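What follows is a single structure, written as structure tokens, with notes after it.
FYI, it's all coordinate maths here, none of it is from the lab. Source: prediction; values computed, not measured. Every residue, glycine as well, gets a Cβ built from its backbone with ideal geometry; the counts of neighbours run over all protein chains shown.
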Amino acid sequence: MNRQELGQSLNLKIEMIPEGASNRSGRTITPQYITIHNTSNDRAGADANAHSRFVREKGCYVLPSGKQNFVSWHFTVDDKCVIKHLPVNERAIHAGAGNAVSIGIEICMHKGIDQAAANARAERLVAALMHDLNIAPANVRPHKAWTGKACPVLLLSTFDGFVRNSDRMCREVRAYVVPESLLSAREFEAPEPPAEDVVLESLGVGPEEEISHDEEHELIAEAVNAFVQ
Ligand SMILES: [Zn+2]
């Protein structure tokens, strides 16, 4: 498999969160990690399209206290497509300390999904990101590694195998001698140097880390269901 074939196999759609939305930080990161989530939403219709509408049109959930928590991530994957919501070098809000250094991927798990196909599509997306952004397999992490949350709930017991499959595809793509005509085939932009505010953050000057709540996925699931067809 070459890089172009890998990219085409994703069925990638671009549905960006509007600039200026409250769940868009607008802050540049250099992504060094990939964080994998499951949506924890098993309702029929809670697919990538429903999550795309949620993250673009609402982008928050409400705590029992009434406080709104904004959320965002870079990609949603189901058995039919990948939807991209943010530039890979923009900080999203999905994994506590992982926000500052990682790309967030949500894998759907709704009733009726072909879960094996969704997981395989996510493995291909991870392979493409590992390839384009030079991310090591050790830096593909479950949400749990950042916050302790039991996520991705369907993949925790087989996470090493998930990463191995992505790594194998990434190596295969790297080993393929790319014809000159395909050298521009890249879906994912290379990271830019850290913006000044990221440098300031590393000096301890930046805004507070977003707090990650254990009930987060469940509350997001309730909010997403407003967008289920
Ligand atoms: Zn998660």
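At a glance:
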quantity: As computed over segment 77-137, the Cα convex hull volume per residue (Å³); calculated: 96 Å³
quantity: Efficiency of FRET from Cβ geometry, ARG168 and GLU218, R₀ 35 Å, rounded to 0.05; calculated: 0.55
